[in-house]
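Readers should treat all values here as calculations from the given coordinates under stated rules, not as data from a laboratory. Treat the numbers as computed from the prediction; the structure is a model and nothing was measured. Methodologically, a virtual Cβ is constructed for each residue, glycine included, from the backbone with ideal geometry; neighbour enumeration extends over all protein chains shown.
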Amino acid sequence: MSEKDTTQAEEAANASISVVADESVDVPADSPSEEATREEQVSLLETEARGLLAQGDWEPAVERHKQIIELMDAAGDSAGKAEALNNIASIYLALEDWEQAQAYTTEALEFYQAAGDRAGEAVVLNNVAATHDGMGDWQQAIEVYAEALEIRKSLEDAEGEAKTLRNLAILYAQHGNPIRAKSYLNRAVVMAKRAKSRELVGLMRKTLSQLPRMRRRRR
């Protein structure tokens, strides 16, 4: 969800199939069959979570992601766990539950950093910044967005840069600096073109057209 699309759900029966080994066969805990089953379970849970969110069923969606966290814990997958934590944070951001969002983004960031996943770290930092803004510290939000932007530059992630630049533009527009906002959005358009994403270019241009209607927030 960070930046976060729908797919057809796989058949529940297929996702829940487990292979029972004959007593005479020694199957290791990390066997390919178990890994495949885990991936199917995660895929099904993610699909269910998206469907629940589309219906506005927030808490059941959170529970699906918590089940994913349990699966990732069992597999020792730090990056997968971080992604699920960040997805929960995104839900709480949408609900404007800043304290919960902060708790989950903090944990997600720690796991991405432990996994050495810089791309994932940048995604979470965007949510960290949004949380700071929601809690009334928009200057801190700017600093965190800038940190995410530097990571995405280092990774040559043009699409990611465009998204973070857009976030910065919206932040400045909402806090009464439309000139700075337009500057960031113009840079975002350039990066979206570099990423060769027509959809993203369209989003940036649409956001540019909306700038005059973005009013400053009052805390």
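General remarks:
- Inter-centroid distance (Cα atoms) of region 92-108 relative to region 188-210, Å: 28 Å
- Burial ranking of peptide ranges 129-138, 161-170, 191-200 (average Cβ count within 10 Å, highest at the top): 161-170, 129-138, 191-200
- Rounded to the nearest 0.05, the FRET efficiency derived from the C-beta distance between E99 and R205 at R0 = 41 Å is 0.70.
- Within region 141-175, backbone nitrogen closer than 20 Å to the virtual label 7 Å beyond the Cα of N186 toward Cβ: 161-175
- Out of every Cα-Cα pair that region 55-113 contains, those further apart than 12 angstrom amount to 62 percent.
- Neighbour cut-off at most 14 other Cβ (10 Å), DSSP loop, GluC sites (Glu not before Pro), region 31-127: E96
- Contour minus Cα-Cα distance for E143 and A74 (0.36 nm per residue): 21.3 nm
- All lysines inside 18 Å of K193 as judged from Cα atoms, apart from same-chain residues fewer than 8 positions distant: K153, K163, K182, K206
- Take the convex hull of the alpha carbons in region 156-219; its mean projected area over all directions comes to 4.0 nm².
- Paramagnetic label reach from A119 (point 7 Å along Cα→Cβ; backbone nitrogen cut-off under 19 Å): within region 61-99, residues 77-87.
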